[in-house]
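Worksheet: one structure, shown below.
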Amino acid sequence: MKKAAFLLLCLSMTFFAGCKTMGVVSEVGTTVGVASGTISESQAEAIKRSSAALAKSFEDITPEQEYYIGRSVGAVILSSYKVWNNEKATDYVNVLGQTLALYSRTPETYRGYAFLILDSDEINAFAAPSGFIFITRGMLRLCNNETELAAVLAHEIAHVSEKHGLKAIRRSRLTTALTTIAVEGAGAFAGGHLAELTEAFGGSVADITGTLMTNGYSRAFEREADAGAVAILRAAGYDPAGLPNMLSAMEIHLKPGAPDFANTHPAPRNRIAELRQMGVQARTIQAHHVRDARFKNALGSV
Amino acid sequence: MRIHIPVLFICLLLAGTAVMAGTLQVQTGSTPLREMPSFLAGTITNLSYGQTVEILSRQGDWRRVKVAGSKTMGWVHASALTDRKIELAAGDALSGSVSSDELALAGKGFSPEVEAAFRAENSKLNYADINRMETFRISPETSLRFLREGGLRPEGGLQ
């Protein structure tokens, strides 16, 4: 047994040298493993020693894990909203949105960005992890031109880049989930890990959808997404004034207490004030014959 | 104790190799190998999840790479690459050369299997439209044309 432990220690040293990120695994997973008899004390020790930053934070969620979480968050949103199946409009929103994403901080997600229109009069938009983005017809109706639509999509893309969805997962749940994955990865679970992982997965999805659809992000996260949107708009060549323009329109049309954007976002006037501090003010968007024509052609019937 | 010294030596040697190796793996479902360091550049070929590349040089967030086991060279965006080891044989037990943190990337954890178990408990969720969304792929040529026709002047120019 001692010999085996020594071998493990040697191997651990190898891994330590090969890894850039170092950290100490949370006690939680290994304690659970030992208590439930699925792993021995020495195995637990070996896992603790050899693993780098195992269950530290949302940053340890790989693009692949993020993708599976995003799919299910999206599937939950789509169980509450009908899809608006208008091919011309959906195509246009995807060309615009995916082009904007190229100028975001995270142009490459596991399977890329995709946009879908929800058949709802609510003024709302959601971004699920890994780039599944939803926008309601009510929100599209508020957009006067391509630049203002670009502002809404860029704000949602920035939520994905900043991993705000993943940050909504409760810390204790994340620790359990990532530790389960790590211990499973080490081949220490003989069986039964699927149930534990599924529970952690379902809980993570519920934490995110609860935040997106009911509680809303913090004001700090919304400010971050607005700042990210301004950066994307500028990099792609759009006038960032599209964002305060949209917020002004929302200020007029949002009904306090309605189950939509008003409920899950800070008051538009506060965000407009913060954008002014970033040097971005509402103003009329300059007309452009091609942009205006393609916008009207795609969304004229929204 | 003597018996362990060669083991220790081999491990230290392996550690050195791991640090020196200039190879990375693709961590997204797939990523284009591009002709130039730009999202608007043409695609030489698509690299798939877990594929290994050797780094030749770098320019900002772009890496000029050679595909392992071939002579194909091109540019890949750094965000699609990882230095953590990806083992593709999901379901295999821990092999001797991979640490447990690296196995977090091994197609385990939140996987199709976990999604299927979650779906079985939540039959009303709409995955059909999520699958459909994944087919909405826009090519670099389409983005380039969209920007050009729209009279947009993005950072990095139109190429």
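The values are calculated or read from the model by the stated rules, or taken from the named source; none is laboratory data. Quantities reported herein were computed from a predicted structural model and do not represent experimental measurements. In this analysis, Cβ positions are derived from the backbone assuming ideal geometry, glycine residues included, and neighbour counts consider all displayed protein chains.
Worth a mention:
- Any hit, segment A:270-280, residues being more than 14 Å from every other protein chain (Cβ to nearest Cβ), under 23 Å from A:Ile117 (Cα atoms) and among the hydrophobic types (A, V, I, L, M, F, W, C): no
- Subset of segment A:283-302 (residues that are more than 19 Å from A:Arg141 (Cβ to Cβ) and of a type in the set (Gly, Ala, Ser)): A:Ala287
- Among the residues making up segment A:232-242, those that are in contact (Cβ under 8 Å) with a residue 12 or more places away in the chain and more than 18 Å from A:His265 (Cβ to Cβ) are A:Ile232, A:Leu233, A:Ala235, A:Ala236, A:Tyr238, A:Asp239, A:Pro240, A:Ala241.
- For A:Ile232, the test of being surrounded by 20 or more Cβ atoms within 10 Å (Cβ to Cβ) and assigned to a helix (DSSP H, G or I) is passed.
- Residue in segment A:204-226 that is buried (at least 24 other Cβ atoms within 10 Å of the Cβ) and of a type in the set (Asp, Glu) present: yes
- Positions within segment B:49-71 being closer than 24 Å to A:Ile61 by Cα, of a type in the set (S, T, N, Q) and either within 12 Å of chain A (Cβ to nearest Cβ) or part of a loop (DSSP other than H, G, I, E, B) (or both), in sequence order: B:Gln51
Here is a yes/no grid of residues against (1) touching a Lys or Arg at 6+ places or on another chain (Cβ under 9 Å); (2) in contact (Cβ under 8 Å) with a residue 60 or more places away in the chain:
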site: A:Ala262; (1), (2): yes, yes
site: A:Pro266; (1), (2): yes, no
site: A:Arg283; (1), (2): no, no
site: A:Ala298; (1), (2): yes, yes
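- Which listed residue, of A:Val32, A:Val93, A:Val28, is at pLDDT 55 or above and aliphatic (A, V, I, L, M): A:Val93
- Scanning segment A:251-283 for residues being surrounded by fewer than 17 Cβ atoms within 10 Å (Cβ to Cβ), assigned to a helix (DSSP H, G or I) and of a type in the set (A, V, I, L, M, F, W, C) gives a total of 2.
- Test result for B:Ile130, surrounded by 14 or more Cβ atoms within 10 Å (Cβ to Cβ) and either touching a residue at least 24 places away in the same chain (Cβ under 8 Å) or in a loop (DSSP other than H, G, I, E, B) (or both): no
- Against the list (1) under 14 Å from the mean Cα position of the chain (by Cα); (2) more than 10 Å from every other protein chain (Cβ to nearest Cβ); (3) modelled with pLDDT under 90, the condition B:Pro6 fails is (1).
- Residue in segment A:90-105 that is closer than 18 Å to B:Asn126 by Cα, crowded, with 19+ Cβ neighbours inside 10 Å and of a type outside the set (Ser, Thr, Tyr) present: no
- Taking the numbered list (1) at positive phi; (2) modelled with pLDDT of 95 or more; (3) more than 9 Å from every other protein chain (Cβ to nearest Cβ) in turn, A:Gly37 passes all entries but (2).
- Condition check for B:Ala120 on (1) over 30 Å from A:Pro240 (Cα atoms); (2) in a loop (DSSP other than H, G, I, E, B); (3) of a type outside the set (Asp, Glu); (4) more than 8 Å from chain A (Cβ to nearest Cβ): one failure, at (2).
- Taken as a whole, the structure places A:Glu87 among residues that are more than 9 Å from chain B (Cβ to nearest Cβ) and not hydrophobic (A, V, I, L, M, F, W, C).
- Any strands (runs of 3 or more DSSP E) falling wholly within segment A:92-159 and containing at least 2 residues that are closer than 17 Å to A:Leu243 by Cβ: A:125-128, A:132-136
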